[in-house]
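Each remark here refers to the structure printed beneath this line.
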Amino acid sequence: MGATLVFPAVNQAAADYLAAARQRGERTVCAASLPSDAVDPEGDEVHRLPSIYDQDFEPRFLSLVTQYSIRRVFCPVASVHAFMRRLIDQQQLGLAMVGQSPIRQQVEQHRRLMARAERLLPLVRLCADGAGGLSLIEVAGVLRQASLIYGESNDDKLAAMMGIFARAPTGDVLEIGSLMGRSAFVLLYLAWRYRIGPLLTVDPWMSDNAVQRQSPQSFQTLVEEWDFDVLREGFLVNMVALRADDHNHLQLSSQQAFERYAAGQAGRCEATAKVSYSGRIAVIHIDGNHDYEFVRNDCRLWLGRTQPGSWLILDDYVWAHGDGPYRVGNEFLLEQADRVETAFVCGKALFVRLRD
């Protein structure tokens with residue numbers, strides 16, 4: 001098996017390719033024309049090639065190909081990619097170019113994003129129920145930014161969230177269980193977009209709270225893979241570009257956070273300015289520990305603060321690893337039937353709107 005030449009190894013795309021190649025056992029060779037720009041995450045040798053516009057480039061390049069048995073070329077710079085493709089074709093070198101040019105990649109990524117948004121737009125409008133809603137561009141923008149954040153909220157769930165905010169009352173937006181912030185980002189954007197109110201997120205980022213003991217043992221052990229300091233830091237990094245005066249996070253258990261919220265003391269933390277909460281919940285997303293007792297306690301604590309017209313989003317109502325959210329959701333629908341105006345399942349989550 002021959003090697004892959006990464007040239008020019010000068011940017012993050014090159015570093016990402018090298019890291020992935022090493023994980024899959026692919027042999028790589030790095031080269032660059034500008035020594036000050038060379039990138040190699042492992043500190044391996046970066047070979048020097050002349051500029052592609054230099055007459056010495058072709059013989060030096062061919063020498064490198066022969067010396068290291070290069071069979072593929074990865075070019076993360078658009079101008080170099082175009083030059084190398086022409087050179088390989090014209091000289092019939094028998095080398096394979098890895099991937100599309102960076103420009104074409106961006107074009108194709110954008111087209112795929114817009115296709116996702118076009119598919120989801122009817123769902124967004126259906127959940128908005130004639131109350132107006134986001135444009136195609138806004139839906140695409142939310143999807144793109146959310147996709148940059150690790151999380152398990154899928155497109156259908158995010159689309160339903162985009163829709164229901166169009167007919168949510170004013171008040172506080174709550175999230176129990178934030179992980180690294182994918183759904184929190186969407187909630188914060190939508191709360192701002194529809195002028196609903198500030199967002200409060202709650203997650204202790206502690207292994208004791210995260211273990212879901214009613215799930216299979218193999219699923220429980222996944223918690224050992226998380227570095228909870230990284231979760232906290234990653235969440236703050238992912239939220240830093242958004243406004244700081246309409247979001248606060250409490251790194252507490254749901255019980256402790258509710259006590260702070262009920263006492264009117266949830267509005268300040270070290271990372272943000274003081275946030276003013278009304279104590280009346282407009283939208284609540286419950287996505288903490290999925291064991292039955294935890295989900296039931298979250299609902300018992302927080303749903304008493306909801307108001308007419310508010311929305312409950314109970315995540316993983318349909319879930320492969322347990323039935324806590326399903327049981328609690330069904331109990332709520334049965335016992336609080338007189339409060340339920342609308343209920344539907346989308347993207348594995350249960351959405352419930354309370355009566356005006």
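The values are calculated or read from the model by the stated rules, or taken from the named source; none is laboratory data. Small disclaimer: the values here were computed from a predicted structure and weren't measured. Cβ: placed from backbone, ideal geometry, glycine included. Neighbour counts: every protein chain shown.
Worth pointing out:
- Single match in Ala184, Ala166, Ala159, Ala241 (criterion: within 21 Å of the chain's Cα centre (by Cα), among the hydrophobic types (A, V, I, L, M, F, W, C), under 30 Å from Met114 (Cα atoms) and surrounded by fewer than 20 Cβ atoms within 10 Å (Cβ to Cβ)): Ala241
- Just one residue in the set Leu120, Leu136 is farther than 30 Å from Met1 by Cβ, at pLDDT 95 or above, assigned by TED's automatic domain parsing to the domain that holds Asn238 and crowded, with 16+ Cβ neighbours inside 10 Å; that residue is Leu120.
- Taken together, the criteria exclude Val340 from residues that are under 23 Å from Asn209 (Cβ atoms), at pLDDT 95 or above and of a type in the set (A, V, I, L, M, F, W, C).
- Test: residue in region 291-308 that is in contact with a strand residue (DSSP E or B) (Cβ under 9 Å, 6 or more places away or on another chain), assigned to a strand (DSSP E or B) and either buried (at least 22 other Cβ atoms within 10 Å of the Cβ) or aromatic (Phe, Trp, Tyr) (or both): yes
- In region 50-97, the residue that is farthest from Ala3 (Cα to Cα) out of those that are within 42 Å of the chain's Cα centre (by Cα) and of a type in the set (Lys, Arg) is Arg86.
- The set of residues from region 277-290 being surrounded by 18 or more Cβ atoms within 10 Å (Cβ to Cβ) and assigned to a loop (DSSP other than H, G, I, E, B) comprises Tyr277, Asp287, Gly288, Asn289, His290.
- Residue match in region 73-82 (condition: surrounded by fewer than 18 Cβ atoms within 10 Å (Cβ to Cβ), in contact with a helix residue (DSSP H, G or I) (Cβ under 6 Å, 6 or more places away or on another chain) and among the small types (Gly, Ala, Ser)): yes
- Residues that are crowded, with 19+ Cβ neighbours inside 10 Å and not in a helix (DSSP H, G or I), drawn from region 139-156: Ile149, Gly151, Ser153
- Residues of region 175-225 classified as farther than 21 Å from Tyr326 by Cβ and among the hydroxyl-bearing types (Ser, Thr, Tyr), total: 6
- The listed residue being polar (S, T, N, Q) and closer than 30 Å to Ile137 by Cβ, out of Gln105, Gln92: Gln105
- Any chance Asp208 is surrounded by fewer than 16 Cβ atoms within 10 Å (Cβ to Cβ), touching a Pro at 6+ places or on another chain (Cβ under 9 Å) and free of Cβ contacts under 8 Å to residues at least 60 places away in the same chain: no
- Failed criterion for Val107 (all others in (1) touching a helix residue (DSSP H, G or I) at 6+ places or on another chain (Cβ under 9 Å); (2) surrounded by fewer than 20 Cβ atoms within 10 Å (Cβ to Cβ); (3) among the β-branched types (Val, Ile, Thr) hold): (1)
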